[in-house]
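Here the structure comes first, spelled out in structure tokens, and everything after it is commentary.
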Amino acid sequence: MAENIQAIRGMHDILPDQTPRWHHVEAVLRRVMAAYGYREIRMPLVEKTELFKRSIGEVTDIVEKEMYTFEDRNGDSLTLRPEGTAGCLRACLEHGLIHNQAHRLWYAGPMFRHERPQKGRYRQFHQLGVEAYGMPGPDIDAELILLCRRLWRELGLGHKLELQLNSLGTAEERLAYRAKLVEYFRAHYEQLDEDSRRRLETNPLRILDSKNPELREVIEGAPVLAEEFGEESKAHFQGLLERLDEAGVAYGVNPRLVRGLDYYCRTVFEWVTQELGAQGTVCAGGRYDGLIEQLGGKGSAAVGFALGMERLIDLLDEPERFEAAAQPHAYLISVGGLAERKAVALAESLRDALPSLRLQEHRGGGGFKSQFKRADKSGAQVALILGDDEARDLTIGIKHLRTDAGQTTLAQAELVSFLQTLI
Ligand code: HAM
């Protein structure tokens, strides 16, 4: 026998009993996006490798070791998108949507990162991304956070997610800080691990983000970025905090929050949960004003976030409860030559009359008993039973599958109004 071919490690099938919970979350996301005036954009899954190198940063984990990069048949270096911010901005620059304009956009779909798979961390995962262009003030940063809060509330997850905030200041302020940080960590070189020593040369801010508990002490003693802030950066962050206070959003300011992508400036934030173990960051984002010029465009205001769909869905209570929305309302059983022929036209006429009816017809033959078994398994609320007698009399048997209501007979002419009560 031939060997089974299996899915690629870290890339998962989403099976039919799981898709209803995805549909539920996706429907809530769409509704909330529309409620705040965000419009959907769809970008290709593959972009030129250069785009990600220039935007995410050459010395980030993603670009250094996580991208699915390959040469296509023309010899061009292409990459499966590891995130959506770069592609979204590329698309908007290409189509003239950035200069002198304001846009609120969202996208959803798979992203690819060659990370070590574990619970909540996959090589193909799904994000909802939200980006706002052309709005430099902290008001839009606050809007994005409020939009997140509404998403969590509508999904019944408000109590499971906490907001952490920080400001990274401007690129110049970060440069001044970087120098101080390098000086500090050089003085404590002996306490650094191998990774951090390497980062000291390439991306010293990322040392602050280290998960190594042995580094906690030395990190806690490091200088703080906020000390380098000028008036504008201070006012921007203060403006955000005031708006969040006004709207009653609970948050923690975490001065060590730096994010793993290089394009951020000023506001950065993460929504984290204690319920998912090590992969507790469900949603993350921030401002990235400088990226527009870095990609060759004019304009200087951009802010956004992305949430991990798998992690969000893992937080849902009783996710099986969404399955009912996908199960048939009714299952049509037919036994006998005449009944089987009449059943097809009957089912079609019911679908004509009731477009949102979910009606499953039995296929594959078999007697009443085996057809009832399938009807029960389908999750349908009722079985509609057509034997040759019913087919001749223009009647139909109705059996309630989820209650003890027993079996009744109806005229076929009454079937539409009966089924309407199930929808
Ligand atoms: P990120 O922090 O790299 O940001 O990813 C955002 C979210 O995607 C994470 O918080 C997590 O929930 C989910 N995620 C990331 N990697 C994985 C993985 N391997 N498996 C499962 N889930 C994962 C960005 O991607 C930025 N583009 C966000 C952004 C948009 N910033 C501004 N605009």
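How much length would be gained if the chain were fully extended between T408 and E50, taking 0.36 nm per residue of separation minus their Cα-Cα distance, in nm to one decimal? Let's see the in-between values first.
On the way: separation 358, 0.36 × 358 = 128.88 nm, distance 6.80 nm.
Fully extending the segment from T408 to E50 adds 122.1 nm.
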**Study point:** 19 Å reach of a label modelled at W22, 7 Å along Cα-to-Cβ, counting backbone N of the stretch 79-97
**Key:** 81-84
Check your understanding: From the phi of every residue in the stretch 214-227, what ³J(HN,Hα) in whole Hz does the Karplus formula 6.51 cos²θ - 1.76 cosθ + 1.60 yield, where θ is phi - 60° and glycine or proline is x?
Key -> 5, 8, 3, 5, 5, 5, 5, x, 5, x, 9, 4, 4, 5
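Can you say what percent of the DSSP beta bridges in the stretch 309-423, counting only those with both residues inside, are antiparallel? Round to 5.
Details: 9 of 18 bridges.
Around 50 percent of the beta bridges assigned by DSSP in the stretch 309-423 are antiparallel ones.
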Practice item. Can you put T85, T170, T408 in order of Cβ neighbours within 10 angstrom, beginning with the fewest? Key: T408, T170, T85
Practice item. Be a star and scan the stretch 92-134 for residues whose amide nitrogen sits under 14 Å from the point 7 Å along the Cα-to-Cβ vector of R9. Key: 114-119, 122-124
Review point. Can you give the helix-only mean residue ellipticity at 222 nm for the chain, where every DSSP H stretch with n ≥ 4 adds -39500 (n - 2.57) and the sum goes over all residues, rounded to the nearest 500 deg cm²/dmol?
Key: -10500 deg cm²/dmol
Practice item. Report, largest value first, the span of the C-alpha coordinates of the stretch 263-393 along each principal axis, in whole Å. Key: 76, 38, 21
**Study point:** Computed P(r) (all Cα pairs; the chain; 20 Å bins; percent)
**Key:** 22, 43, 23, 11, 1
Check your understanding: Can you list the residues, at least 5 places off or on another chain, whose amide H is less than 5 Å from the amide H of L168, using H built in the peptide plane?
Key -> R266, T267, V268
**Study point:** Calculated on alpha-carbon atoms, Rg and Dmax of the stretch 18-123 in Å
**Key:** 15.9, 44
Revision key, fill the gap. The farthest towards the positive end of the charge dipole of the stretch 129-184, of the residues L163, G134, L147, given +1 on Cβ of Lys and Arg and -1 on Cβ of Asp and Glu, is L163
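Cα-Cα pairs above 18 Å in the stretch 16-76: how many percent? List each step's numbers first, then the result.
Numbers: 1128 of 1830 pairs.
The calculated P(r) of the stretch 16-76 puts 62 percent of pairs beyond 18 Å.
What Kirkwood radius, in Å to one decimal, follows from the Cα pairs of the stretch 228-319?
Working: mean 1/r = 0.0656 Å⁻¹.
Mean inverse Cα-Cα distance, inverted, gives 15.2 Å.
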Review point. Given H placed on each backbone N at 1.01 Å, which residues far from A302 in sequence or on other chains put an amide H within less than 5 Å of it?
Key: G134, Y288, D289
Study note, to complete from the structure: The alpha-carbon center of the stretch 234-280 and that of the stretch 22-83 are separated, in whole Å, by 22 Å
Review point. Rounded, prolate or oblate: which fits the stretch 328-420, taking a ≥ b ≥ c as square roots of the Cα gyration tensor eigenvalues, rounded meaning a/c under 1.5, else prolate when a/b beats b/c?
Key: rounded
Review point. Alpha carbon centre of the stretch 206-225 versus the stretch 152-200: separation in Å?
Key: 8 Å
Point to revise | Theoretical FRET efficiency, 1/(1+(r/R0)^6), r = Cβ-Cβ of E172 and I423, R0 56 Å, to 0.05 | key: 0.35
Point to revise | Burial ranking of peptide ranges 311-319, 8-16 (average Cβ count within 10 Å, highest at the top) | key: 311-319, 8-16
Check your understanding: Using the 10 angstrom Cβ neighbour count as an exposure proxy, how do L422, L29 rank, fewest first?
Key -> L422, L29
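From Cα pairs below 8 angstrom and at least 6 apart in sequence, can you work out the relative contact order of the chain, rounded to a whole percent? Walk me through the intermediate numbers first.
On the way: 692 pairs, mean separation 66.6, N = 423.
In percent, rounded to a whole number, it is 16.
What relative contact order, as a whole-number percentage, does the stretch 37-84 give when Cα pairs under 8 Å and 6 or more residues apart are counted?
Values: 42 pairs, mean separation 19.3, N = 48.
Worked out over the stretch 37-84, it gives 40 percent.
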Check your understanding: According to a simple spin-label model (label point 7 Å from Cα along Cα-to-Cβ), what is the distance in nm between E323 and D388?
Key -> 3.8 nm
Exercise for review: In whole Hz, with x marking every Gly and Pro, tabulate ³J(HN,Hα) for the stretch 245-254 from phi via Karplus 6.51 cos²θ - 1.76 cosθ + 1.60, θ = phi - 60°.
Suggested key: 4, 4, 8, x, 8, 7, 8, x, 8, 10
Point to revise | Those residues of the stretch 184-199 whose amide nitrogen sits under 18 Å from the label point placed on E214, 7 Å along Cα→Cβ | key: 185-199
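For Y68 and R150, compute 0.36 nm times the residue count separating them, minus their Cα-Cα distance, and round to one decimal in nm. Please report the intermediate quantities before stating the final value.
Details: separation 82, 0.36 × 82 = 29.52 nm, distance 3.40 nm.
Computed gain between Y68 and R150 is 26.1 nm.
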Practice item. Can you pull the one-decimal nm distance between simple spin-label points at D245 and R39, each 7 Å off the Cα toward Cβ? Key: 3.7 nm
Check your understanding: Which semi-axes, in whole Å and largest first, does the equivalent ellipsoid of the stretch 213-263 have when worked out from the alpha carbon gyration tensor as the square roots of 5 times its eigenvalues?
Key -> 24, 15, 11
Study note, to complete from the structure: The extension gain from E340 to M135, computed as 0.36 nm times the residue separation minus the Cα-Cα distance, is 67.5 nm
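Since every read-out is calculated from the coordinates, none of them should be taken as a lab result. What you see is a predicted model; the values in this text were computed from it and never measured. Cβ coordinates were reconstructed from backbone atoms using ideal geometry, including for glycine residues, and neighbour counts include every protein chain displayed.
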